[in-house]
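One structure below.
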Amino acid sequence: MTYTFQWGEALKHLPYLLEGAWLSLILAFLGFWGGALIGLFGAVGKVYGGRLIYRIVDLYVVFFTNTPALVQIFFLFYALPEVGILLPPFTAVLIGLILNSGAYLTEIQRAGFISVRQTEIEAAEVLGMSLAQIVRYVIVPHIAKTLFAPLSSFYIWLVLGTSMASIFGVEELTGRAINISTTNFRTIEIFSVTALIYIAITILASAVLALIGRYAFRVRAKIF
Amino acid sequence: MPHLAVADLTATYPGTDKPVLRDVSLQVEKGEIVSLIGPSGSGKSTLLRVLVGLLPPNSGSVRIDGEAVDYTSRRSLKNARDRLAIVFQQYNLFQNMTAMGNVTIAPIRIKGWRRPEVEADAARLLAKVGLADKHASYPDQLSGGQQQRVAIARALALKPEILLLDEVTSALDPELVGEVLDTIRVLAADGMTMLIVSHEMGFVREVSSRVVMMDQGSIVETGPPAQVFDAPETLRAREFVSRILRH
């Protein structure tokens, strides 16, 4: 092997890469909570909404879970300007991630809705709770607890998925790695360091999620 | 005026045509404890479910203190649910809340009552049901009997006038039945109006002012416990009593 590693070339860009990692985390965070909110309404619509609303939500879910997120973002970024909607890259990527995760999180949360014991809902009903109150006080905490594992893995998946933003010129972690490697050509070193940063931030995110789960929802999750 | 008056109530489960309640009429006076007995499937629990609005009646009327309940009106139903409380066979506690959380959620979040007063009241209720030391326990950390007593405290937290108890001891291990029955005895001594569905015949006989026997959706016999258990008038009641007394 004739390749000579020059780790210094990669490491001197560490602060620049870490700033990008922070942007990745922000994208994932906003994408997740935006998607979770859409998913909540989607799940309520599918479970309680009647046939028409079920159909509409289902169409959305089928469309967004059966096409790649990357294709959806391309569409937002390149097709919408044709009708006069020009989105900055960060916004286009964020909307794409939110719509995409909203579809997945609709299905995940719907499973949570269905798994709430009917008797608990009846008890809430006879105490005088409205549907919104039942969702807020009984169903959502139940979903957070029982679906903590799938929701956490989805969040990690989303952190990694933010790397798609680099294609649209958003300077998150992967975007910055590409920037550096196209100027110094130390691609292997740069992307090795980048991969390690991804591992570090996903472990960190998992640990934070497990802590939240343990103390807020009594989930028996391993922190490390 | 009766505290609770049910007249000619008929109800059918959705998707079936056979009525589960047929022309049921019943009156409960203030402070009275009326027990519903009868074989499984006779409509006892269904009657309670209709009263709290979990199953809409087909016809007939329900009046609380003379005021008719309109089960198709959200406002009227809410008003009725303010005055009636139900405790279920399976306790149905909210699994994500502590005992204290279960008891205080409705008064704080639905009624908007002030937290300090609600919590003081809840502490008093939990003490009354013998769980003064279990405020911070979650349902899965409590025994069945303890969960059922939390459920009773939760039902009382909204200060209902009439308490409906739906086979509250049926899901419990035999050694835990006594503690729940003791709790109900305390409420009875307080003068709470109660409608009880129970298979604990000894208990029914002891606490009830009146016993109502149901069979196939209808009331077949009603009277003081001594009469219904010792000298039932109808053939159907005699059969049921002789069968349960053989055990």
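The values are calculated or read from the model by the stated rules, or taken from the named source; none is laboratory data. Remember, it's a predicted structure, so these values are computed and weren't measured experimentally. For neighbour counting, all protein chains shown are included, and Cβ atoms are generated from backbone atoms with ideal geometry for every residue, glycine included.
Only one residue in B:Ala171, B:Ala155, B:Ala188, B:Ala151 is modelled with pLDDT under 90, small (Gly, Ala, Ser) and in contact with a strand residue (DSSP E or B) (Cβ under 8 Å, 6 or more places away or on another chain), so which one is that?
Being modelled with pLDDT under 90, small (Gly, Ala, Ser) and in contact with a strand residue (DSSP E or B) (Cβ under 8 Å, 6 or more places away or on another chain) holds for just one of B:Ala171, B:Ala155, B:Ala188, B:Ala151, which is B:Ala188.
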- [ ] Determine if the stretch B:232-243 includes at least one residue that is small (Gly, Ala, Ser), surrounded by 14 or more Cβ atoms within 10 Å (Cβ to Cβ) and closer than 27 Å to B:Pro57 by Cα.
- [x] yes
TODO: Restrict the check to the stretch A:83-92 and report whether at least one residue is surrounded by fewer than 21 Cβ atoms within 10 Å (Cβ to Cβ), in contact (Cβ under 8 Å) with a residue 24 or more places away in the chain and more than 14 Å from the chain's Cα centre (by Cα).
DONE: yes
TODO: Find all pairs meeting these conditions: Cβ atoms under 6 angstrom apart; at least six residues apart or on different chains; first residue within the stretch B:211-223 and free of Cβ contacts under 8 Å to residues at least 24 places away in the same chain; second residue crowded, with 18+ Cβ neighbours inside 10 Å and small (Gly, Ala, Ser).
DONE: B:Glu221/B:Ala237
TODO: Take the residues in the stretch B:1-33 that are touching a Pro at 6+ places or on another chain (Cβ under 6 Å) and farther than 24 Å from B:His199 by Cβ, then tell me which one is surrounded by the fewest Cβ atoms within 10 Å (Cβ to Cβ).
DONE: B:Glu29
Open item on the list: Quick check on the stretch B:149-176: of everything there that is away from chain A (no Cβ under 14 Å) and crowded, with 19+ Cβ neighbours inside 10 Å, which residue is nearest to the chain's Cα centre (by Cα)?
Closed with: B:Thr169
Open item on the list: Can you pull out every residue in the stretch B:107-138 that is in a helix (DSSP H, G or I) and closer than 13 Å to B:Val150 by Cβ?
Closed with: B:Ala122, B:Ala123, B:Leu125, B:Leu126, B:Ala127, B:Lys128
TODO: State whether the residues of the stretch A:102-116 include one that is closer than 30 Å to B:Lys111 by Cβ and free of Cβ contacts under 8 Å to residues at least 60 places away in the same chain.
DONE: yes
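Just name the residue that is nearest to the other protein chains (Cβ to nearest Cβ) out of those in the stretch A:149-188 that are of a type in the set (Phe, Trp, Tyr) and surrounded by fewer than 22 Cβ atoms within 10 Å (Cβ to Cβ). Step through it out loud before you land on a result.
Within the stretch A:149-188, the first condition is being of a type in the set (Phe, Trp, Tyr), and the residues that meet it are A:154-155, A:157, A:168, A:185.
Still in the list and also surrounded by fewer than 22 Cβ atoms within 10 Å (Cβ to Cβ): A:154, A:157, A:168, A:185.
Values: A:Phe154: 21, A:Trp157: 26, A:Phe168: 40, A:Phe185: 54 Å.
So, considering only residues that are of a type in the set (Phe, Trp, Tyr) and surrounded by fewer than 22 Cβ atoms within 10 Å (Cβ to Cβ), the one nearest to the other protein chains (Cβ to nearest Cβ) is A:Phe154.
Restricted to the stretch B:108-130, and to residues that are within 14 Å of another protein chain (Cβ to nearest Cβ) and either at positive phi or in contact with a Pro (Cβ under 9 Å, 6 or more places away or on another chain) (or both), which residue is surrounded by the most Cβ atoms within 10 Å (Cβ to Cβ)?
Residues of the stretch B:108-130 that are within 14 Å of another protein chain (Cβ to nearest Cβ), as a first pass: B:108-113, B:118, B:122.
Filter once more, keeping what is either at positive phi or in contact with a Pro (Cβ under 9 Å, 6 or more places away or on another chain) (or both): B:112-113, B:118, B:122.
On the way: B:Gly112: 8, B:Trp113: 17, B:Val118: 21, B:Ala122: 25.
It comes out as B:Ala122.
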- [ ] Give the residue, chosen from B:Gln27, B:Gln89, that is of a type outside the set (A, V, I, L, M), at the interface with chain A (Cβ under 10 Å from one of its Cβ atoms) and either under 21 Å from B:Phe203 (Cα atoms) or in a strand (DSSP E or B) (or both).
- [x] B:Gln89
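Return yes when A:Phe113 is among the aromatic types (Phe, Trp, Tyr), away from chain B (no Cβ under 14 Å) and under 22 Å from the mean Cα position of the chain (by Cα) and no when it is not.
Numbers: among the aromatic types (Phe, Trp, Tyr): yes; away from chain B (no Cβ under 14 Å): yes; under 22 Å from the mean Cα position of the chain (by Cα): yes.
Spelling it out, A:Phe113 is indeed among the aromatic types (Phe, Trp, Tyr), away from chain B (no Cβ under 14 Å) and under 22 Å from the mean Cα position of the chain (by Cα).
Please verify whether B:Ser73 is within 23 Å of the chain's Cα centre (by Cα), farther than 30 Å from B:Leu9 by Cβ and more than 9 Å from chain A (Cβ to nearest Cβ), treating the condition exactly as stated. Show your work before the answer.
On the way: within 23 Å of the chain's Cα centre (by Cα): yes; farther than 30 Å from B:Leu9 by Cβ: no; more than 9 Å from chain A (Cβ to nearest Cβ): yes.
Criteria not met by B:Ser73.
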Open item on the list: All but one of (1) closer than 30 Å to B:Gln90 by Cβ; (2) away from chain B (no Cβ under 14 Å); (3) modelled with pLDDT under 90 hold for A:His142; state the number of the condition that does not hold.
Closed with: (2)
TODO: Quickly run through the stretch B:34-54 and pick out the residues that are within 19 Å of B:Thr193 (Cβ to Cβ), within 14 Å of chain A (Cβ to nearest Cβ) and assigned to a helix (DSSP H, G or I).
DONE: B:Ser45, B:Leu48, B:Arg49, B:Val50, B:Leu51
TODO: Go through the stretch B:205-223 and give me each residue that's out of contact with any Lys or Arg (no Cβ under 9 Å at 6 or more places or on another chain) and modelled with pLDDT under 90.
DONE: B:Arg205
Task: Top-ranked residue of the stretch A:46-60 - restricted to ones that are closer than 24 Å to A:Gln118 by Cβ and touching a residue at least 24 places away in the same chain (Cβ under 8 Å), ranked as surrounded by the most Cβ atoms within 10 Å (Cβ to Cβ) - done: A:Val57
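Looking only at the stretch B:1-45, count every residue that is polar (S, T, N, Q), in contact (Cβ under 8 Å) with a residue 60 or more places away in the chain and out of contact with any Asp or Glu (no Cβ under 9 Å at 6 or more places or on another chain) and tell me the total.
Step one: list which residues in the stretch B:1-45 are polar (S, T, N, Q), which gives B:10, B:12, B:16, B:25, B:27, B:35, B:40, B:42, B:45.
Remaining after also requiring in contact (Cβ under 8 Å) with a residue 60 or more places away in the chain: B:25, B:35, B:42, B:45.
Now restrict to residues that are out of contact with any Asp or Glu (no Cβ under 9 Å at 6 or more places or on another chain): B:35.
Summing the residues that are polar (S, T, N, Q), in contact (Cβ under 8 Å) with a residue 60 or more places away in the chain and out of contact with any Asp or Glu (no Cβ under 9 Å at 6 or more places or on another chain) in the stretch B:1-45 gives 1.
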TODO: Kindly list, by first and then second residue, each pair from a residue in the stretch A:187-213 that is over 14 Å from A:Ala10 (Cβ atoms) to a residue that is at pLDDT 85 or above and among the hydroxyl-bearing types (Ser, Thr, Tyr), limited to pairs with Cβ atoms under 6 Å and residues at least 6 apart or on different chains.
DONE: A:Leu209/A:Ser152
